[in-house]
1. For LYS294, which aspartates and glutamates qualify as cross-link partners when the Cα separation must be under 15 Å and same-chain residues fewer than eight apart are set aside?
2. Can you give the relative contact order of the stretch 361-454 as a percent, counting alpha carbon pairs under 8 Å and 6+ residues apart?
3. I want to verify the translational diffusion coefficient of the stretch 367-517 in µm²/s; compute it with Stokes-Einstein, Rh as the Kirkwood radius over Cα pairs, at 37 °C and 0.692 mPa s.
4. Taking 23 Å as the cut-off for C-alpha to C-alpha distance, list the pairs among LYS187/LYS312; LYS137/LYS473; LYS80/LYS473; LYS153/LYS187; LYS34/LYS473; LYS192/LYS235 that go past it.
5. Can you tell me the 0 to 90 degree angle between the C-alpha axis of helix 322-339 and the longest principal axis of the chain, rounded to 10?
6. Tell me the label-point distance for the pair ASP247, THR199, using the 7 Å Cα-to-Cβ offset, in nm and rounded to one decimal.
7. Taking GluC sites (Glu not before Pro) as exposed when DSSP calls them loop (any state but H, G, I, E, B) and at most 14 other Cβ atoms lie within 10 Å, what is the longest stretch of the chain free of them, the sites themselves excluded?
8. Hey, if you drop one equal point scatterer on each alpha-carbon of the chain and run the Debye formula without solvent, what base-10 log of I(q)/I(0) do you get at q = 0.08, 0.11, 0.13 Å⁻¹?
Amino acid sequence: MVTSTANSARTEVRPAEQNGISIGLGVFATTDIKKSADIVVLDQPPIALVEEKQLKNICSGCYDVGKGGSIDNRRPGLVKACVRCKVVSYCDKNCQRKDWKAGHSLECSIYAKLHPKVLPLPVRAILRIVLCWKNDKIPKEVWDEFNALTFPKIYEGESQEARDHALMTKAVMEYGNLKDLDPDWMKELFGKLNANSFTLTTAYGRRRGVYLHPGAARFNHSCDPNASYSFDKGKLYVRAIRPIAKDEQISIPYIDVTYSVGTRRHELKDRYKFDCRCTRCQHDMDTIKPEEIKKRGELEQSTNSKIDDIVKSSSASASGTGFATAWKLSSMIRKLSEKTDWDAVNTQQQPLAALRTEIMLCKAHDQMYKQSAVDAAVRHLRTDPTQYPDECHPMRREHAYEFFWHLLYADKAMEMQGDPKGYDSPFDIHEIKPLFYAWMVLNWMLYGNVQGEIIAGTRKLMDEVVWPNPTLKAQAENDIVWVTEDLCAAGMLWEHRDKNIAKHLKSMEEIVETTLKQEKRNTWG
């Protein structure tokens, strides 16, 4: 049975305000909630679908890469297309049965007739929920909650959004043989989808598609949220990132809140059609000069637009590679760093942080793992402590685990090359053993210190760590076992352990510092 937020033992839905202004309904705590606690766990959403470009590589049952795949998408998994429609894919029979029961049984024949054409994601989403509703596959209370969802008026009338919804409504009614339904009602469904859906991700934060559960849609946004959300095999976890008092409204971030107020409010207005009035936005608007807000926002938004253009053009080009894209983006980051004060460069303020992440992913795409691991180190040691000063914040663990994987790949690359002498990557020059530093990162994730020791000072801290979801924590716990065994076999965790830790801490800090200073001077390191 699908869980409803309204029925959660810890929450209730009631009218909400933000700085004295009504914002419709919101989710409130009915009891004190401690930091790191699960607020709600939602399963079996009416809509959870994989986007078009990933349908052949991603399982539509668990939204993962499939058996044999890597969590970062660099190695495709073993998924097989549905034998009937050849559109969606699954990693095993269990996932196939799960999705068949969830609604694919109703849409499979439609997909098969259209193959090789694939319907756009919003059309597939509304087609599924309408077919499930007509065939009594959605519990009445969940359908009632879905119908009660609202959407901005901009999705009506003569707006571009309204015209898009009209075209998609026509597609759903035609391909789904649903011409007996009211087209105006169908357009409203697209409005609800646009205004209330989430980006479906894996347990490791990888984008997969679209997700909509009416229980999740009731949580309002704040740029200073007291809760976070994460997906894990289709389940949605909402967890407290700080203590929440009884009767306090529970808020989550709809967007990346590491940007400045101008960009945050612009993105919320563009995507969700509302002006954010949260306490953080109000404080920033009251204390920062309007011209500074405008200047910083324009820089962030124009940089993000350029990033998108470069990545899209590289993807569309037959000759486009991760290295070529990384080079173009690196040129941008050097030019920005040269014009930016050192504090902003050293802490990797936006838009530098966004550029860094894209560069890291592009390098990894072309198996430049020793280089991508350096960018991951910059994020781990500079960006995250500034953007997420609370060590317990879920993004700290999510990013740290990604850093761990970049280090593993870098270790394999160095193992294959043999003697580091003659190579000029930072890891070679400083004689860093990536696997050893990966062990240190796992220790920090699991024990709060790189030594991997449970001490009084970190025990309470670890009780408050907000893991994004159960899978990421379980995977980190499994990884520390085999990494420790490998390092013990290599003799690195015995008498020279503390010396190796100190050396690796110092060397990685030097690598990060040198990288940022070279970018600041606009030189290629």
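1. Candidates past the 8-residue exclusion: GLU267, ASP284, ASP286.
2. Result for the stretch 361-454 is 26 percent.
3. In µm²/s, the coefficient rounds to 207.
4. LYS187/LYS312; LYS137/LYS473; LYS80/LYS473
5. 80 degrees
6. 3.7 nm
7. Maximal segment without exposed cleavage sites: 249-430.
8. The calculated log intensity ratios at q = 0.08, 0.11, 0.13 Å⁻¹ are -0.56, -1.10, -1.49.
FYI, it's all coordinate maths here, none of it is from the lab. Keep in mind that this is a model prediction, so the values were computed, not measured. Note that we place each Cβ from the backbone using ideal geometry, even for glycine, and neighbour counts take in every protein chain shown.
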